[in-house]
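Here's the structure we're looking at; comments come further down.
The values are calculated or read from the model by the stated rules, or taken from the named source; none is laboratory data. Just so it is clear, the structure is predicted and the values come from calculations on it, not from any experiment. Counting neighbours? That spans all protein chains shown, and the Cβs are built from the backbone with ideal geometry, glycine included. Surface accessibility is based on the protein's heavy atoms, side chains included, excluding ligands, DNA and RNA. Shrake-Rupley method; radii C 1.70, N 1.55, O 1.52, S 1.80 Å.
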Amino acid sequence: MKAAIVVFPGTNRERDMALALKRVTGVAPRMIWHHETDLDGLDLVVLPGGFSYGDYLRCGAMAAHSPVMGAVRTFAAKGGHILGVCNGFQILTESGLLPGALLRNADLRFLSQDCYLRVENDQTPFTSRWTKGDVFRTPLAHGDGNYTADPATLERLEGEGRVAFRYASATGQVKADDVASNPNGSLNSIAGVLSENNRICGMMPHPEDLVDPLMGGEDGLPLFEGLVEAVVR
Amino acid sequence: MKVRVTVMLKDGVLDPQGKAIGHALHTLGFNNAQDVRVGKVIELDLQDCTAEEARKTAEDMAKNLLANLVIEDYAIEVPA
């Protein structure tokens, strides 16, 4: 799997992501600076976390219009696989590659903590190593992760199985109005969504930060293992 | 041509910042403060255009970048 990570001014989680990708591919991913537009030969493009362009205007708004995102749109139109984590998810919604938007956390605080995610659809390149209903731990760190979408979009996402992950309790209970399990107040506890073709996934938590026993666990590793399998197949 | 674009969260979209400011105003004794909402004002100067053209351009800017229409509405003023 040939993977690349897009780096914007203000991106700061690209090295964690590189570690996770190297762990499953054995090769260091390419780093792509925001001015570059050549994505030829890639199987996977990752938009990592951080504060691209200082979160000016809205999180991800400036990055969505940077030169590299034109190339990412073309890559998406050709059926390329894209993973956006945290700020990467915000950029994907701002650029229209994924529906909905991410609002300020419901309690206004920047959250930096572990959360639990329940897998809602196991038939995607990002979730195939899990079974629907599986729960795994993952760190999250964001100020604007409160997912929202208009009622029609929400109904379509839910109906088409395009919710990849939901915030849940450690035992897999999903309760949208429970701050303990849905800390940022996301609509329907949505933590990650998919594109129509299931090849673009955006999520707020950081599975790349739990991929090695030295990090305290490997709970996020199945996402990357599944991606390699799906892309190589 | 001076143009002012005001961007506000749509009605019905939770505005925790506005809520927090409302609480703070009540703490200060402004008990009649209701429905506090927070938004952005973007002022710009457009060269060589009529008021009508300025409004049209600002509209394009708002739709493409200044506002996220999933969660925000915008209003444009071209002061005479």
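If you go through the stretch A:99-124 and keep only what is assigned to a loop (DSSP other than H, G, I, E, B), open to solvent by 20 Å² or more (accessible area, probe 1.4 Å) and away from chain B (no Cβ under 14 Å), you end up with A:Glu120, A:Asn121, A:Asp122, A:Gln123. Here A:Gly133 qualifies as over 22 Å from A:Leu44 (Cβ atoms) and not in a helix (DSSP H, G or I). Quick one: is A:Ser52 more than 14 Å from every other protein chain (Cβ to nearest Cβ), in contact with a His (Cβ under 9 Å, 6 or more places away or on another chain) and open to solvent by 40 Å² or more (accessible area, probe 1.4 Å)? In short, no.
Screening the candidates A:Asn184, A:Asn197 for the property of being buried (at least 18 other Cβ atoms within 10 Å of the Cβ) and not in a strand (DSSP E or B) yields one hit, A:Asn184. Among the residues of the stretch A:136-157, those that are open to solvent by less than 20 Å² (accessible area, probe 1.4 Å), closer than 24 Å to A:Glu196 by Cα and part of a loop (DSSP other than H, G, I, E, B) comprise A:Gly145, A:Ala149.
Scanning the stretch A:64-98 for residues that are more than 21 Å from A:Ala164 (Cα to Cα), away from chain B (no Cβ under 13 Å), of a type in the set (S, T, N, Q) and crowded, with 19+ Cβ neighbours inside 10 Å yields a count of 0.
Table: residues versus (1) more than 12 Å from chain A (Cβ to nearest Cβ); (2) open to solvent by 30 Å² or more (accessible area, probe 1.4 Å).
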{"residue": "B:Thr6", "(1), (2)": "yes, yes"}
{"residue": "B:Gly12", "(1), (2)": "no, yes"}
{"residue": "B:Glu43", "(1), (2)": "yes, yes"}
{"residue": "B:Arg55", "(1), (2)": "yes, yes"}
{"residue": "B:Leu66", "(1), (2)": "no, no"}
{"residue": "B:Leu69", "(1), (2)": "no, yes"}
{"residue": "B:Tyr74", "(1), (2)": "yes, yes"}
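Restricting the first member to the stretch A:102-117 and to residues that are touching a residue at least 24 places away in the same chain (Cβ under 8 Å), and the second to residues that are open to solvent by 70 Å² or more (accessible area, probe 1.4 Å), the beta-carbon pairs closer than 9 Å and six or more apart or on different chains are A:Leu103/B:Leu14; A:Arg104/B:Leu14; A:Arg104/B:Gln17; A:Ala106/A:Val179; A:Ala106/B:Leu14; A:Asp107/A:Val179; A:Tyr116/A:Thr171. Among the residues of the stretch A:169-224, those that are aliphatic (A, V, I, L, M) and within 17 Å of the chain's Cα centre (by Cα) comprise A:Leu187, A:Ile190, A:Ala191, A:Val193, A:Leu194, A:Ile200, A:Met203, A:Met204, A:Leu210, A:Val211, A:Leu221, A:Leu223. Of all residues in the stretch B:60-80, those that are part of a loop (DSSP other than H, G, I, E, B) have Cβ atoms under 7 Å from Cβ atoms of residues that are of a type in the set (Ser, Thr, Tyr), 6 or more apart or on another chain, in B:Ala67/B:Tyr74; B:Ile71/A:Thr148.
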